[in-house]
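Report on the structure given below.
The values are calculated or read from the model by the stated rules, or taken from the named source; none is laboratory data. Please read all numbers here as calculations on a predicted model, not as lab measurements. Quick reminder, even Gly has a Cβ in these numbers, built from the backbone with ideal geometry, and neighbours come from all protein chains shown. Heads up: the accessible areas ignore ligands, DNA and RNA and are worked out on the full protein's heavy atoms, side chains in. Shrake-Rupley method; radii C 1.70, N 1.55, O 1.52, S 1.80 Å.
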Amino acid sequence: MAETTEFELVSPERLLFSEPVEMAVIPGTEGDFGAMPRHAPLLSTVRPGAIAIYNGGKVTRRIFIAGGFAEVNEDRCTVLADEAIDLAEISAEDIQKRLQAADDLLKEASNDGEKAEATTAKVLAQALADAAKG
Amino acid sequence: MASLKDLRSRITSVKSTQKITSAMKMVAASRLRRAQENAEAARPYAQRMERMLGNLAVSVAGTAGASPLLAGTGKDDTHLVVVMTANRGLCGGFNGSIIRASRLLVQDLKAQGKTVKILCVGKKGNDALKREYAKDIVGFTDELGTKTIGFSVADDIGARVLKMFEAGEFDVCTIVYNTFKSAIAQIVTKQRIIPFALPEAVNDNRSAPAAAAKAIYEYEPSEEEILDALLPKNVAIQIYRGLLENFASEQGARMTAMDNATRNAGDMIKKLTLTYNRTRQAQITKELIEIISGAEAL
């Protein structure tokens, strides 16, 4: 077995994932990066997108996160996510529903605050849909 | 001496009280389990957030123009105390201990000549503090939810605190809540969240090799940008942690209090039943004596 790095994914509600992985590709704000063992220490913000977890040279799991922070060092990779959804557990219908809900929100928004909120929801839903497509 | 009828009605009333307290105990126990899980599940995030911030703080510390959330405003004249209590009573010393601690804190700060502002979270704290410090209370919220606490509640409170901070309304922010230790032990905790205080544990970890490793972190985008995003988030997270710990503590305290109440009611019923039976027998004996002496007199 190849070298592994300890990957942790935590949301405010709970610890979602804590396992050794060979590589995790994380959507950083300034571009995707792969966290592998002996990676140089790095702190980055994360944009909404999918984290791909590689084991044995293949993607074994893809998890959508709605932004957050990532910390990488030689033997560990920690992602603090605002929200995380396992892409294997969400159906296309759910995503469609979410897109629809975001659109509705955008239509109903009357003031600037609501509009900004609805736009964020829309961007998130869109990112989720893109991530689900692969 | 109470009549038999009085005793009977007292026994009935104590019995119905007992039913209520034991039901409340059961409800609290089931909520406690969930609340405890939630509180414990939230700890990793808050801890890792602290660790990240700790790393960042070390590298940014001392540089000019560091965020006031990290370095402070440079003075500590005005303090904001966020008092977290429950919305409901009947949970033993839970609310009382938080209120007492907050009152001491406020008195202490005032004695040092500081201005104090109070933000009450939860009805009970507001009720108790508004008598003494009505003019110091700047805000109040009781939208906590009864079953679980969502992150959105903490986010709202956090946003409020940050808004006040940006408007320069206070310099130091402290939250007061109960840390959940067990169903019978809760610890009143005062935690400074603005400016960011490094927790003791992180300080201990920063031994020589760790410090060396931390010096070479890369930042994407820049340190300042990450800090700007991370610090407000941290405020909300720490508040969320406080709320969750508090909620678990509340359920624990209520469970213990109601357990005691149920037991006391049981004791009381026993005593009352004993008195009731004695009185009943005394009365029968008295009646018998009357009949017998009546018969003898003939």
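In this model, which of B:Lys135/B:Lys190; B:Lys15/B:Lys271; B:Lys15/B:Lys270; B:Lys130/B:Lys163; B:Lys15/B:Lys123 are farther than 19 Å apart at the alpha-carbon?
B:Lys135/B:Lys190; B:Lys130/B:Lys163; B:Lys15/B:Lys123
Could you rank the peptides B:249-256, A:33-40 by their average count of other C-beta atoms within 10 Å per residue, with the highest value first? Numbers along the way, then the final one.
Details: B:249-256: 26.4, A:33-40: 16.0.
Descending mean neighbour count gives B:249-256, A:33-40.
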message: Taking beta carbons within 10 Å but only from partner chains, what does the mean come to for residues B:286-293?
response: 0
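Carbon and sulfur: what percent of segment A:67-125's accessible surface (1.4 Å probe)? It would help to have the intermediate numbers written out before the result.
Values: 1670 of 3300 Å².
Summing carbon and sulfur atoms, their accessible area is 51 percent of the total for segment A:67-125.
Only Cα pairs under 8 Å and at least 6 apart count here; give the relative contact order of chain B as a rounded whole percent.
Numbers: 385 pairs, mean separation 96.2, N = 298.
Worked out over chain B, it gives 32 percent.
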task: For chain A, build the charge dipole from Cβ charges (+1 Lys, Arg; -1 Asp, Glu) around the Cα centre, then report which of A:Val59, A:Ile26, A:Leu106 sits farthest towards its positive end.
output: A:Val59
query: In the protein assembly as shown, what is the volume of the convex hull around the alpha carbon atoms, normalised per residue and reported in Å³?
result: 238
- prompt: Helix B:151-166 sits at what angle to the longest principal axis of chain B, using alpha carbons and giving 0 to 90 degrees rounded to 10?
  reply: 50
statement: Averaged over the residues of A:100-109, the number of partner chain Cβ atoms within 10 Å of each residue's own Cβ comes to 0
- prompt: Measuring from centroid to centroid over Cα atoms, what is the spacing of segment A:69-134 and segment B:100-150 in Å?
  reply: 36
field: Estimated [θ] at 222 nm from DSSP helical runs (n ≥ 4, -39500 (n - 2.57)) normalised by residues in chain B, nearest 500
entry: -23000 deg cm²/dmol
field: Largest to smallest principal axis extent of the C-alpha atoms in chain B, angstrom
entry: 113, 41, 32
query: In 5 Å bins starting at 0, how do the alpha-carbon pair distances of segment B:8-162 split up by percent?
result: 2, 7, 12, 14, 16, 15, 14, 9, 5, 3, 2, 1, 1, 0, 0, 0
message: For segment A:1-50, take the convex hull of the Cα atoms, compute a quarter of its surface area, and give me that in nm², please.
response: 4.0
field: Size of the A/B contact, given as accessible area buried on both chains, probe 1.4 Å, in Å²
entry: 2200
field: Which of B:Val83, B:Met268, B:Leu69, positive extreme of dipole for chain B (C-beta unit charges)
entry: B:Met268
- prompt: What is chain A's relative contact order, in percent, from Cα pairs under 8 angstrom and six or more apart in sequence?
  reply: 21
message: With +1 on the Cβ of every Lys and Arg and -1 on the Cβ of every Asp and Glu, and nothing else charged, how large is the dipole of segment B:224-298 about its Cα centre, in debye rounded to the nearest 20?
response: 500
task: Please give the per residue volume of the convex hull enclosing the alpha carbon atoms of segment B:134-173, rounded to a whole number of Å³.
output: 80
message: From the helices alone, meaning DSSP H stretches of at least four residues, give me the mean residue ellipticity at 222 nm for chain A, per-run term -39500 (n - 2.57), in deg cm²/dmol to the nearest 500.
response: -10000 deg cm²/dmol
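Taking segment B:236-298, how much of its Cα-Cα pair set, in percent, is spaced more than 18 angstrom apart? Kindly include the intermediate steps, with their values, before the conclusion.
Working: 1322 of 1953 pairs.
Roughly 68 percent, once rounded to a whole number.
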- prompt: What average number of partner chain Cβ atoms lie no more than 10 Å from the Cβ of the residues making up A:23-34?
  reply: 1
message: Could you give each residue of segment A:40-47 its phi-based ³J(HN,Hα) in whole Hz, using Karplus coefficients 6.51, -1.76, 1.60 with θ = phi - 60°, and x for Gly or Pro?
response: 5, x, 8, 10, 9, 7, 10, 8
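Using the Cα centre as the reference, give the magnitude of the dipole from point charges on the C-beta atoms of segment B:35-178 (Lys, Arg: +1; Asp, Glu: -1; all else neutral), rounded to the nearest 20 debye.
Working: 18 positive and 16 negative charges, 72 e Å.
That gives segment B:35-178 a dipole magnitude of about 340 debye.
Just the number please: accessible area per residue for the protein assembly as shown, 1.4 Å probe, all protein chains included, in Å². Before the final figure, lay out the partial values.
Numbers: 22010 Å² over 432 residues.
Ligands and nucleic acids excluded, the result is 51 Å² per residue.
Which percent, nearest 5, of DSSP beta bridges in chain B are antiparallel? Numbers along the way, then the final one.
Working: 8 of 24 bridges.
Given both bridge residues lie in chain B, the antiparallel proportion sits at roughly 35 percent.
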query: Can you give the Rg to Rh ratio of chain A, both from alpha-carbon atoms, with Rh computed by the Kirkwood formula?
result: 1.03
- prompt: At a 1.4 Å probe, what is the % contribution of carbon and sulfur to the accessible area of segment B:1-117?
  reply: 54
